[in-house]
1. If you go through segment 186-196 one residue at a time, do you hit one that is among the aromatic types (Phe, Trp, Tyr) and crowded, with 16+ Cβ neighbours inside 10 Å?
2. For the list (1) open to solvent by 70 Å² or more (accessible area, probe 1.4 Å); (2) under 38 Å from the mean Cα position of the chain (by Cα), I need the number of the one condition that Lys334 fails.
3. If the Cβ limit is 7 Å and pairs must be 6+ apart or interchain, which residue in segment 236-253 that is farther than 17 Å from Glu194 by Cβ and open to solvent by 70 Å² or more (accessible area, probe 1.4 Å) pairs with which residue that is part of a strand (DSSP E or B) and of a type in the set (D, E, K, R)?
4. Examine segment 40-49 for a residue that is under 34 Å from the mean Cα position of the chain (by Cα), surrounded by 15 or more Cβ atoms within 10 Å (Cβ to Cβ), in a loop (DSSP other than H, G, I, E, B) and modelled with pLDDT of 95 or more, and state whether such a residue exists.
5. Can you tell me which residue among Val180, Val258 is at pLDDT 95 or above, closer than 30 Å to Tyr27 by Cα and of a type in the set (A, V, I, L, M)?
6. Taking segment 1-19 as the search range and keeping residues that are of a type in the set (A, V, I, L, M, F, W, C) and open to solvent by 90 Å² or more (accessible area, probe 1.4 Å), which one is nearest to Thr80 (Cα to Cα)?
7. The conditions are (1) open to solvent by 60 Å² or more (accessible area, probe 1.4 Å); (2) within 30 Å of Glu195 (Cα to Cα); (3) within 37 Å of the chain's Cα centre (by Cα), and Tyr313 fails exactly one of them. Which is it?
Amino acid sequence: ETTEKVVVVGVGYAKLTAVPDGGADPYDTGVWWYVYPIGADGKPAEKYIEASSYNPSDVFILPPGRYQATITIGKGSAETEFEVKVAETIEKSVVIGVGFAKLTAIPEEGAEPYDTASWYVYPVGTDGIPAEQHIGVSYYNPSDIFTLPPGRYQAVLAIGKGSAKTEFEVKVAETIEKSVVIGVGFAKLTAIPEEGAEPYDTASWYVYPVGTDGIPAEQHIGVSYYNPSDIFTLPPGRYQTVLTIGKGSAKEEFEVRVAETTEKSVVIGVGFAKLTAVPEEGAEPYKKSCSWYIYPVGADGNLAERNIDVSYYNPSDIFTLPPGRYQAALAIGKGSTKTEFEVRVAETTEKSVVIGV
């Protein structure tokens, strides 16, 4: 047998379209819709019951009743109320006034954009003062489009340690294009043991501006850890880099020019000492905690009063040191011993230290 049953479900339709002003064509950009039921008290519910993303126009299927739609485009927003009736379609154009700002970072007028940039966009008040909190941000984009309510804005552009500011005005449904000049250059620094050699495996860099008096600033403006070669993005000018690998260090000055890359290999002479604590020659290393203290040995054969490196809890460790002679003091519990060794540039000295405990 066939049983036929008609099931009554009362729904209606709301076709909502985002427009910049009355009678205009819809936006062609992403629009977010959130639909909230309105209660008998005339207040919208706290939680939306329908949503739509990236659609300038969409149809919502809803039970009969009153609703509020919240619409957002970029940093602009608007609200509208509407009523849904059973089996009917209500069409509503929602006016939301936003415009577009296309900002591009360039080294000089007419030049190609940079490869990367970060943007922070602040509204400018009627007093001409930018707000403290930005309302738009974009990272790693040399050119980006911001969707904003009409008004005046300030964009702060940052590339590496360089920055620039510009003001612009946004008008409804219009796109303003602005190229922002920011002068930065690039310094590629590489740590090597000697001229023409391959880079080290690791290095730490500190970059200081050099003043007109030729004196480096006290505070570094760029830093990089564990990178034998790195690129620093800096305003044009003179700089000093301090390079450290283990207990070795070197200094070098260089100059940065706008939109150019300065490549500099910095020679730093360090070598490596791998020290291992063993109970006797040829034996396996201890598995228990060991403490190492490294002292430089002077040209007169005398030991420095202060150690320049230390390692705790390691039966075997590698020390990175400037070339020269050293003494290692090894302690395991109440047992101790000493040994001397020599470090040569870019070489690794391996030494097993016998300590009977």
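1. yes
2. (2)
3. What qualifies is Arg238/Glu253; Arg238/Glu255; Lys247/Asp309.
4. Taking segment 40-49 first, the residues under 34 Å from the mean Cα position of the chain (by Cα) are none.
For segment 40-49, residues under 34 Å from the mean Cα position of the chain (by Cα), surrounded by 15 or more Cβ atoms within 10 Å (Cβ to Cβ), in a loop (DSSP other than H, G, I, E, B) and modelled with pLDDT of 95 or more: absent.
5. Numbers: Val258 fails: closer than 30 Å to Tyr27 by Cα.
Selected residue: Val180, the only one of Val180, Val258 that is at pLDDT 95 or above, closer than 30 Å to Tyr27 by Cα and of a type in the set (A, V, I, L, M).
6. Let us first name the residues in segment 1-19 that are of a type in the set (A, V, I, L, M, F, W, C), namely 6-9, 11, 14, 16, 18-19.
If we keep only those that are open to solvent by 90 Å² or more (accessible area, probe 1.4 Å) as well, we get 6-9.
On the way: Val6: 35, Val7: 32, Val8: 29, Val9: 26 Å.
Here the answer is Val9.
7. Failing condition for Tyr313: (2).
A quick yes/no check of all residues on (1) surrounded by 14 or more Cβ atoms within 10 Å (Cβ to Cβ); (2) not hydroxyl-bearing (Ser, Thr, Tyr):
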site: Asp21; (1), (2): no, yes
site: Ser57; (1), (2): yes, no
site: Gly74; (1), (2): yes, yes
site: Val84; (1), (2): yes, yes
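The values are calculated or read from the model by the stated rules, or taken from the named source; none is laboratory data. As the structure is a prediction and not an experimental result, all values here were calculated from the model. Reconstructed Cβ throughout: ideal geometry from the backbone, glycine too, with neighbour counts over all protein chains shown. We work out accessible area using only protein heavy atoms, side chains counted, and drop any ligands, DNA or RNA first. Shrake-Rupley method; radii C 1.70, N 1.55, O 1.52, S 1.80 Å.
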